[in-house]
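The values are calculated or read from the model by the stated rules, or taken from the named source; none is laboratory data. What you see is a predicted model; the values in this text were computed from it and never measured. Backbone-built Cβ (ideal geometry, glycine too); neighbour counts: all protein chains shown.
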Amino acid sequence: MLAALKEVEKGNNAWDLSPVEELLKMYQSGVPVDDDKVLGLSNQLSASLLNIQASMGGDIDATSLMSKRHQLGVVMEEIENNDESDAKYIRLVEELQHLQQWFENEGHFGDSSFICWPIYICLNRLEKFKEAADALDRLYFYLEEQRAAITDSHKRAGIFSQYPHLFGAMAYTNYQSSNASRLFNRIEASKARSLTDKALQSGNLTSEFYIKGNIEAYLSPVLAQNKAHYLSLFCDDDRTYSVLLTKQGRFLLLLKGLPAIRFNPG
C-alpha cells in the first residue's frame with residue numbers, strides 16, 4: 001500500500017509520506033511504542049494532508065474537521081514540551097475549551113469528550129483540582145453514555161479501558177479538592193465497573209454490579225438503620241484513598257502511601 005501511495009505521490013511536493021513510513025516501522029518493530037513520537041508523527045501527517053488540501057482547492061479551511069483535529073494534535077504535543085510555566089497551561093486550557101465547544105457545536109461528541117483529558121492535565125498542573133475533577137467527570141459521564149449505547153455486553157466491557165488512569169485521576173483530583181461525596185461515589189463506581197467488566201469478559205454475568213445514580217444516597221439510610229459504618233478503598237499505583245461513610249452520613253477522608261516492598265532473597 002505504501003508503494004502505491006508513493007507512486008501516486010510522485011511530483012506532489014505537498015504530500016510527505018515519511019511520517020507514514022516511520023509509523024509503520026515503529027509498529028512493525030515489535031518494541032514498545034513511544035506515544036510522544038506517535039503524536040508528533042501524526043501531527044506531521046495531518047499537516048501534510050492539509051497542505052495537499054490547500055494545493056488542490058486553494059486556502060486551507062481553518063474551520064474544517066481535519067484542521068481542528070490537527071490543531072488539537074498540536075496542542076497535545078505542546079502540553080508535553082519543556083515549558084512548565086503556568087502561563088502556558090492557562091493559554092492551552094483556553095485553546096482546548098474553544099476547540100471543545102467547536103466540536104460539540106458541530107456534533108463531534110467523541111472529539112469533544114476526548115478533550116476533557118488534556119484539559120484535566122493542564123488544570124491539574126495548575127493545581128486547579130476542582131476544575132480538573134469537573135473535566136474528568138464530564139469524560140466519565142460521556143463514557144457511561146457510550147457504554148449504555150452498546151448492546152453487546154462483551155464489547156461494553158472495554159469502554160473504560162480507553163482511559164486506564166481515569167479512576168486514579170478522579171480519585172486524586174476529588175481528594176485534593178476535598179469533594180468527599182464525589183470521591184466516595186467514584187471509588188464505588190470503579191470497583192463495581194472492574195467487577196462487572198471482568199465478569200462480562202469471562203461470560204459469567206448476565207446482569208451488572210453497577211448501581212446507577214448516587215451510591216451514597218442509596219447506602220446512607222441502610223447504614224443508619226443498621227447502625228453501621230462503610231469503608232471504601234481505592235488502591236492506586238503509589239497510594240490508597242480511603243473514605244469512611246458513617247452511620248450519621250458524615251465522611252472521613254484519608255490518603256496513605258503504599259508501604260515499601262522489601263525483597264529478602266534468603
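A few notes on this one:
- Pairs linking a residue in the stretch 246-261 that is at pLDDT 90 or above to a residue that is exposed (fewer than 10 other Cβ atoms within 10 Å of the Cβ), with Cβ atoms under 6 Å and 6 or more positions apart or on different chains, are Lys247/Lys227.
- Taking the criterion of being outside any helix (DSSP H, G or I) and over 15 Å from Leu255 (Cβ atoms), the residues of the stretch 143-188 that qualify are Ala149, Ile150, Thr151, Asp152, Ala157, Gly158, Tyr163, Pro164, His165.
- The set of residues from the stretch 123-142 being of a type in the set (Asp, Glu) and either crowded, with 18+ Cβ neighbours inside 10 Å or farther than 19 Å from Leu255 by Cα (or both) comprises Glu131, Asp134, Asp137.
- Here Ser177 does not fit the description of being over 10 Å from the mean Cα position of the chain (by Cα), of a type in the set (Ser, Thr, Tyr) and over 24 Å from Tyr218 (Cβ atoms).
Per-residue answers, yes or no, for (1) under 26 Å from Ser161 (Cα atoms); (2) of a type in the set (A, V, I, L, M):
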| residue | (1), (2) |
| --- | --- |
| Ile79 | yes, yes |
| Asp86 | no, no |
| Tyr89 | no, no |
| Gln100 | yes, no |
| His108 | yes, no |
| Asn124 | yes, no |
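- Some residue of the stretch 99-119 being under 16 Å from Asn174 (Cβ atoms) and among the hydroxyl-bearing types (Ser, Thr, Tyr): no
- In the stretch 188-232, the qualifying residues are those that are within 13 Å of Arg156 (Cα to Cα) and among the charged types (D, E, K, R), and the one that is modelled with the lowest pLDDT is Glu208.
- Answer residue from the stretch 120-177, given it is among the charged types (D, E, K, R) and either in contact with a helix residue (DSSP H, G or I) (Cβ under 6 Å, 6 or more places away or on another chain) or in contact (Cβ under 8 Å) with a residue 60 or more places away in the chain (or both) and is nearest to Asp83 (Cα to Cα) among those: Arg125
- Scanning the stretch 78-108 for residues that are of a type outside the set (A, V, I, L, M, F, W, C), under 17 Å from Tyr120 (Cα atoms) and in contact (Cβ under 8 Å) with a residue 40 or more places away in the chain yields Glu80, Glu84, Asp86.
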